[in-house]
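**Student:** Okay, here's the structure, questions in a sec.
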Amino acid sequence: MTWNDNMPTPLNSSLIFERCRSEGFEVEVEVLDTVDSTNSRLLEADISSPVFLCAAERQTVGRGRRGKVWYSPESGVTFSMRFNLSESVSRFNGLSLLVGAILCDSLRGLGVVDAMVKWPNDVLVHGSKLAGILIESRTTGLNKETVLVVGIGVNYKRGKEARLIDQASTDLDALCGSGELPDRSVLIGDIATRLLSVVSEDVPGALIQLSARWQEYDALNGTWVMAKVASECIHGRAAGIDTNGNLRIDTADGICCLNSADVSVRPEND
Ligand code: BTN
């Protein structure tokens, strides 16, 4: 990729590495110019480091949830973290909600005070998508170790590809104002250290705590929603999450709790 003056400072692996180390976390950091997808790379590669972070200037096949494309222009914020775990991935149920809250905390620290999570894991500002999360896992080896990959994309400064996104979206350039855009390596380092804190601690416990203060992050709070579960549609008012991270919907038949695996949620008037 050829650099020009309109582009932000190139990603810097040392900055990301040092930020993590200053918080007590040892992370192997790789910065690539171009990759198909940082998630695919970390899922497929043979990596022995317990924690590995891959950030890329550009993805050619950036992937979103439910088979969607994640448009990854040059000089975006696209990175993934891989955790090699000796335990079952079930301990990480609901992690996407914690990552959403982490992203909001980090972005609010940059002045994006209205960053909220649309369950299960989109980060929105006034209804427009700013960031997305793709969590994937696989088991490996004789001991059935778990490879957990958390991929994060934050719209930084979109170009013409903004037109291709099939939902309302925004970027840090619009929200922070030109000249005040954060350094991408500093932002990635900040998000990474927050994520490391959560993953290294008690995830189910953190989810219980988050459920009690979900209103601080809940983009759906009290809105009418329609949840699609297989061929069924559930209508009602979003009523927060339970301690397992399930979405609570207040329906005519009472509270209905839905998990993230098979549900799409849309405001009824969409
Ligand atoms: C979504 O909102 O649908 C999830 C988007 C996740 C995008 C990130 S960018 C870094 C990582 N690599 C990918 O291919 N996807 C995730």
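The values are calculated or read from the model by the stated rules, or taken from the named source; none is laboratory data. Please read all numbers here as calculations on a predicted model, not as lab measurements. A quick note on method: Cβ atoms are made from the backbone with ideal geometry, for glycine too, and the neighbour counts reach across all protein chains shown.
**Student:** Return the only residue of G236, G240, G222 being over 28 Å from R21 (Cα atoms), in a loop (DSSP other than H, G, I, E, B) and either of a type outside the set (D, E) or touching a strand residue (DSSP E or B) at 6+ places or on another chain (Cβ under 7 Å) (or both).
**Tutor:** G222
**Student:** Also, quick follow-up: Restricting attention to the stretch 230-257, report how many residues are hydrophobic (A, V, I, L, M, F, W, C), in contact with a Lys or Arg (Cβ under 7 Å, 6 or more places away or on another chain) and surrounded by fewer than 19 Cβ atoms within 10 Å (Cβ to Cβ).
**Tutor:** Number satisfying all stated conditions: 2.
**Student:** Return only the number of the condition from (1) surrounded by fewer than 24 Cβ atoms within 10 Å (Cβ to Cβ); (2) within 16 Å of the ligand (Cβ to nearest atom); (3) modelled with pLDDT under 95 that V31 does not satisfy.
**Tutor:** Checking V31 against (1) surrounded by fewer than 24 Cβ atoms within 10 Å (Cβ to Cβ); (2) within 16 Å of the ligand (Cβ to nearest atom); (3) modelled with pLDDT under 95, the one that fails is (3).
**Student:** Something else: Which condition breaks for V154 when tested against (1) closer than 23 Å to S88 by Cβ; (2) assigned by TED's automatic domain parsing to the domain that holds G76; (3) among the hydrophobic types (A, V, I, L, M, F, W, C)?
**Tutor:** (1)
**Student:** Within the stretch 94-111, can you find the residues that are closer than 19 Å to R213 by Cβ and not in a helix (DSSP H, G or I)?
**Tutor:** Selection gives G94 alone.
Condition check ((1) hydroxyl-bearing (S, T, Y); (2) more than 11 Å from the ligand (Cβ to nearest atom); (3) buried (at least 17 other Cβ atoms within 10 Å of the Cβ)) across all residues:
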residue: G132; (1), (2), (3): no, no, yes
residue: R138; (1), (2), (3): no, yes, no
residue: G141; (1), (2), (3): no, yes, no
residue: K144; (1), (2), (3): no, yes, no
residue: G151; (1), (2), (3): no, no, yes
residue: V154; (1), (2), (3): no, no, yes
residue: R163; (1), (2), (3): no, yes, no
residue: L172; (1), (2), (3): no, yes, yes
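**Student:** For the stretch 65-94, give me each residue that is within 14 Å of the ligand (Cβ to nearest atom), within 16 Å of the chain's Cα centre (by Cα) and either modelled with pLDDT under 95 or more than 15 Å from T38 (Cβ to Cβ) (or both).
**Tutor:** Passing the criteria: R65, R66, G67, K68, V69, W70, Y71, S72, G76.
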